[in-house]
Amino acid sequence: MNYSLLIPTLNAGPAWKTFLEEVAVQTLKPEKKIIIDSGSSDDTVVLAKEAGFEVIQISKNEFRHGASRQQLVNSSEGIDICVFLTQDAILASPDSLKNLVHNFKDMDVGLAYGRQLPHKNATTLETHARLFNYPDRSVTRSFADKDTLGFKVFFCSNSFSAYRRSALNSVGGFPLDPIMGEDAIVAATMLKAGFKIAYAADATAYHSHSYTLAEEYRRYFDTRVFHEQNNWLIKEYGKPTGEGLKFVRSELNYVIRRQPTHIVKSISSIFAKWLGYKMGGFYKKMPLGLLKKLSMHKHYWK
């Protein structure tokens, strides 16, 4: 099977050179390498071209999580597997892409995603989030698993993922204009259509973030907007609150064991997430100016 490597970019910064170096040493080479850049003012595009990437350029206002990724898929004619990375997800092994693409030998697999590891300088909260969501054991899930996993069954991440192009097209491709969660929508739709999702623990990339409390609030505000706009996910797979409570308990236990001095930071982070998620439920009643202030994805609101 051949595959394309597809990356949305915007001012990738100093880590971009390392990103490209790790792509260059992969044991399974992509047939195509394409970035869609939404107005970088640094050397992102220049370095990408030097590394052999095709470049699609759009304005910052044109970027959409779903539509821009679908544009990359549409540029991958003749390709079997479309692999997505974000510009800050650094491949951790020369076999990372090979191990991810390998999952499509199972013809029922429509989507696969890899294991995200915390960066070496990651904080305690960053590290826990990656360990909680990305365990060290691979698994393949089907629609039948929703009875035991509920909302978690369609969990995946486009920071390091791959799609069978024919399967993606058969479910209509990426939704064009969600505020976020284009990967979750496709995953949930694929499961209903009979495809499987593979989690590849041996396909690894370093990817973690240290968010401020304000950023945590905005992320979870947008998450609630996403859930409100895609209520069918909750009707079909159940509410996400159970998984959220598991995460809270796990984080508090992890912090107490590993770095108890960070317990106040953990509680503050949990509160910011809860408050953002709660407030996102009222987004339809808010004026445009307030939405832009409360949201992480300000360009989404028009």
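Each value in this text was obtained by applying a stated rule to the coordinates, not by laboratory testing. Worth saying up front: this structure is predicted, and the values here are computed from it rather than measured. Note that each Cβ is placed from the backbone with ideal geometry, even for glycine, and that neighbours are counted across all protein chains shown.
Apply the a/c threshold of 1.5 to the C-alpha gyration tensor of the stretch 4-48 and tell me whether it is rounded, prolate or oblate.
Values: a/c = 2.94, a/b = 1.52, b/c = 1.94.
Here the stretch 4-48 falls in the oblate category.
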Proxy reagent accessibility, fewest Cβ within 10 Å first, across Ser138, Ser208, Ser59: Ser59, Ser138, Ser208
In Å and on Cα atoms, what radius of gyration and Dmax does the stretch 76-207 show? 14.3, 43
For the stretch 89-150: rounded, prolate or oblate by the Cα gyration tensor [a/c cutoff 1.5]: oblate
With contacts defined as alpha carbon pairs under 8 Å and 6 or more residues apart, what's the relative contact order of the chain in percent? 20 percent
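How large is the Rg to Rh ratio of the stretch 57-117 when both quantities use alpha carbon positions and Rh follows Kirkwood?
That ratio equals 1.00.
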Would you mind getting me the FRET efficiency between His299 and Ser210? Use the beta-carbon distance for r and R0 = 30 Å, nearest 0.05. 0.85
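First obtain the Kirkwood hydrodynamic radius of the stretch 213-300 from its Cα pairs, then insert it into the Stokes-Einstein equation at 25 °C and 0.890 mPa s, and state the resulting D in µm² per second as a whole number.
The Stokes-Einstein estimate is 174 µm²/s.
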For the stretch 1-104, the fraction of alpha-carbon pairs in successive 5 Å shells from zero, as %: 2, 13, 25, 25, 21, 10, 3, 0
Please report, largest first and rounded to whole Å, the three semi-axes of the ellipsoid equivalent to the chain, where each semi-axis is the square root of five times an eigenvalue of the C-alpha gyration tensor. 28, 22, 22
How much length, in nm to one decimal, is gained on full extension between Glu54 and Met1, taken as 0.36 nm per residue of separation minus their Cα-Cα distance? 17.0 nm
